[in-house]
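Below is one structure, written out as structure tokens, with a few remarks after it.
Read the figures in this text as sums done on the coordinates, not as results from a lab. Everything quoted here is computed from the prediction, not taken from an experiment. Neighbour counts are summed over all protein chains in view; Cβ atoms, including those assigned to glycine, are modelled from backbone coordinates with ideal geometry.
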Amino acid sequence: MSDHRVPGIPGTSGFTGKVALVTGAGQGIGEAVVRTLFRLGATVAATDVQAKAVTALAAELDPETGRAPSAGDGTVRAYALDVTDPAAVDRTVGRIGRELGPVDILVNVAGILRAAPVAELTDEDWAATFAVNVQGVFFTSRAVVPGMAARGSGSVITVASNAAGIPRTGMAAYAASKAAAVMFTKCLGLEYARSGVRCNIVAPGSTDTPMQWALRTDPQAPARVLDGDLASYRTGIPLGRIAHPQDIADAVVFLASDQARHITMQDLYVDGGATLR
């Protein structure tokens, strides 16, 4: 078997010939996951509600654009997808199957954050957060996993958040939705373990993405993330740095790789020790 490895990710293998579907691929962590899987030789369906973003990403990465590919590079194709629409999810998964092949790896990254104290959360904020962060994970997993089970193998990784495991002020909807996505993914893993489908979670902490930037309400916000903030009952980050999207992508790729073949229903925190777990 070919063994394409990404520098900095020792031992990652088994991606050549695999089809991966990544939601929320237009920016941040999802984009980093697409780039990493591409470098490992996978065929990647990059999906996002922002069609222009994934189209630009595919045009940049895919060898068919005319850029000379490096050894081990795979293929990237862009698909517009609103994960809150179950009919659209089913249609897109079917189209990916016809155009690229059956999905071997599903990475649920699509997510939104509506930050507000509980009393100020609107019905729309609550519903929108759960529609993307929970129902989106359910719809994509339901569309993909039975096919994996029929073929006897597959890997699902849901990108959640360390907020799923520790209370955060002003983030009740986000934290509750991520906790729901975590437990759903573990239940999914239990149901399909005998079918050879592994389901795991990566839980990032503060990561240098547009979602994190939106929380920076003043120049001192980054320092409070690193050092902690007593007023909001928040610990800092013991490692003293905010994660880069590649840090999260590396964890996702490990859990999707052959080296994680005996790992399922696990929740891997990638937060620099912020939750003190």
Where in the range 178-212 does the amide nitrogen come within less than 17 Å of the point 7 Å from the Cα of ARG261, taken along Cα to Cβ?
193-199
Given 0.36 nm per residue, what is the gain on full extension from THR16 to ARG277 after removing their alpha carbon distance, in nm?
90.5 nm
Return the FRET efficiency for the residue pair ALA119, ALA193: r is the Cβ-Cβ distance, R0 is 35 Å, and the value is rounded to the nearest 0.05.
0.25
Would you tally the net charge around GLY154, using a Cβ to Cβ cut-off of less than 11 Å, leaving GLY154 out, and scoring K and R as +1, D and E as -1?
+2
Can you list the residues, at least 5 places off or on another chain, whose amide H is less than 5 Å from the amide H of CYS199, using H built in the peptide plane?
VAL156, MET265
Residue-wise HN-Hα coupling along the range 91-103, computed from phi with Karplus coefficients 6.51, -1.76, 1.60 (Hz; x: Gly, Pro)
5, 5, 4, x, 5, 4, x, 6, 8, 10, x, x, 6
Mind giving me the nanometre distance, one decimal, between the label points for THR169 and GLN50, set 7 Å out from Cα along Cα→Cβ?
3.0
Stretch gain in nm, segment GLU60-MET183, where the contour uses 0.36 nm per residue and the Cα spacing is subtracted:
40.7 nm
Can you compute the modelled spin-label distance between ASP227 and ARG91, with each label point 7 Å from Cα toward Cβ, in nm?
5.2
Local electrostatic count at LEU106 - Lys and Arg +1, Asp and Glu -1, tallied over other residues with Cβ under 12 Å
+2
Given charges of +1 on the Cβ of Lys and Arg and -1 on the Cβ of Asp and Glu, with all other atoms neutral, how large is the dipole of the chain about its Cα centre, in debye to the nearest 20?
580
Please report the net charge: other residues with Cβ closer than 14 Å to the Cβ of VAL132, K and R +1, D and E -1.
-3
Which of the peptides 95-107, 187-199 is most tightly packed, and how do the rest follow, going by the mean number of other Cβ atoms within 10 Å of each residue?
95-107, 187-199
Rounded to the nearest 0.05, what FRET efficiency is calculated for ARG234 and ARG98 with R0 set to 35 Å and r the Cβ-Cβ distance?
0.15
For the chain, share of DSSP beta bridges that run antiparallel, in % to the nearest 5
5
Please list 233-239, 47-53, 117-123 highest first by mean number of surrounding beta-carbon atoms within 10 Å per residue.
47-53, 233-239, 117-123
